[in-house]
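Engineer: Have a look at this one before I ask anything.
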Amino acid sequence: MWVGHTYYKYIVDNYENLEDYTFFLQGNPFDHSPNIINNLHKHMQKLDFDFEYLSEHVIHSTFDLECRLNWQCKNIHANFEKIFDKKCIKECIFGAGAQFIVSKNRILQRPKLFYENIVKMLEYTIDPIEGHDVERFHKYIFTFLF
């Protein structure tokens, strides 16, 4: 399964029992964050935020540009609408490697069904193409309440 599936399956399975903060990391977090250990220590000393990327390369782009640069994201607009039930916004900010910390309070601002729908979107195959889009949506899933 795509790494995003694991993240959102964890949220669904633990929705009623989440810790105050959840750290989401890839199996090999050093690929995108060679300094991940230092970054974790830094963030753990001051846990007073709702969402922070742990990825060292945070990309500021547009969803249109992402569609042109990444063949995997050819349906990014449709998938945004499927998840958020609204037209895709222009700005795209995402942490390469999909590594981040999110607070329990921020997760709980969306209903469990919201996360269940993401899990369904990502569970139909071993490497669903939608996973590339969801990676670009993490910040919007946890910080933008449309």
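We did not get these values from a lab; they are worked out from the coordinates using the rules stated. Note that this is a predicted model, so its numbers are computed, not measured. As a convention, Cβ positions derive from the backbone with ideal geometry for all residues, glycine included, and neighbour counts pool all protein chains shown.
Engineer: Roughly speaking, what is the stretch gain from TYR10 to ASP64, that is 0.36 nm per residue apart minus the C-alpha to C-alpha distance, in nm to one decimal?
Structural biologist: Value of the extension gain: 16.4 nm.
Engineer: Another one. Treating the chain as a set of equal point scatterers at the Cα positions, no solvent, please give the Debye-formula log₁₀ I(q)/I(0) at q = 0.19, 0.20 Å⁻¹.
Structural biologist: These q points yield log10 I(q)/I(0) values of -1.26, -1.39.
Engineer: In addition: Of LEU40, ILE76, THR6, which is farthest on the positive side of the dipole of the chain, counting Cα position, with +1 on Lys and Arg Cβ, -1 on Asp and Glu Cβ, and the Cα centre as origin?
Structural biologist: The residue sitting farthest along the positive end of the dipole is ILE76.
Engineer: Taking 23 Å as the cut-off for C-alpha to C-alpha distance, list the pairs among LYS42/LYS90; LYS86/LYS112; LYS86/LYS120 that go past it.
Structural biologist: Details: LYS42/LYS90 31 Å; LYS86/LYS112 19 Å; LYS86/LYS120 19 Å.
With Cα atoms farther than 23 Å apart: LYS42/LYS90.
Engineer: Trypsin sites (Lys or Arg not before Pro) within region 21-94: which are DSSP loop residues with at most 13 other Cβ atoms inside 10 Å?
Structural biologist: Counting only loop positions with at most 13 other Cβ atoms within 10 Å, the trypsin sites (Lys or Arg not before Pro) in region 21-94 are LYS46, LYS86, LYS87, LYS90.
Engineer: Here's something else I'd like to know. Give the Rg/Rh ratio for region 82-131, taking Rg as the radius of gyration of the Cα atoms and Rh as the Kirkwood radius, to two decimals.
Structural biologist: 0.97
Engineer: Show that you can apply the helix-only estimate: for the chain, add -39,500 (n - 2.57) for every DSSP H stretch of four or more residues, divide by all residues, and state [θ] at 222 nm to the nearest 500.
Structural biologist: Using -39500 (n - 2.57) per qualifying helix, the result is -13500 deg cm²/dmol.
Engineer: Quick one: Cα centre-to-centre distance for region 1-34 and region 45-122, in angstrom?
Structural biologist: Between the Cα centres of region 1-34 and region 45-122 lies a distance of 13 Å.
Engineer: Over 10 Å intervals from 0, what percent of Cα-Cα pairs in region 28-94 sits in each interval?
Structural biologist: That works out to 18, 35, 30, 17, in percent per bin.
Engineer: At 0.36 nm per residue, minus the direct Cα-Cα distance, what do LYS104 and LYS90 gain on full extension? Give it in nm, one decimal, please.
Structural biologist: Going from the current span to full extension adds 2.3 nm.
Engineer: Hey, got a sec? Which GluC sites (Glu not before Pro) in region 1-103 land in a DSSP loop and have at most 10 other Cβ atoms within 10 Å? Don't skip to the answer; put the middle values down first.
Structural biologist: Details: sites: GLU16, GLU19, GLU52, GLU56, GLU66, GLU81, GLU91; in loops: GLU19, GLU56.
Of the GluC sites (Glu not before Pro), the ones in loops of region 1-103 whose Cβ has at most 10 other Cβ atoms within 10 Å are GLU19.
Engineer: Considering only ASN28, LEU145, GLY95, whose Cα is most displaced toward the positive end of the charge dipole of the chain, charges sitting on Cβ of Lys, Arg (+1) and Asp, Glu (-1)?
Structural biologist: Value: LEU145.
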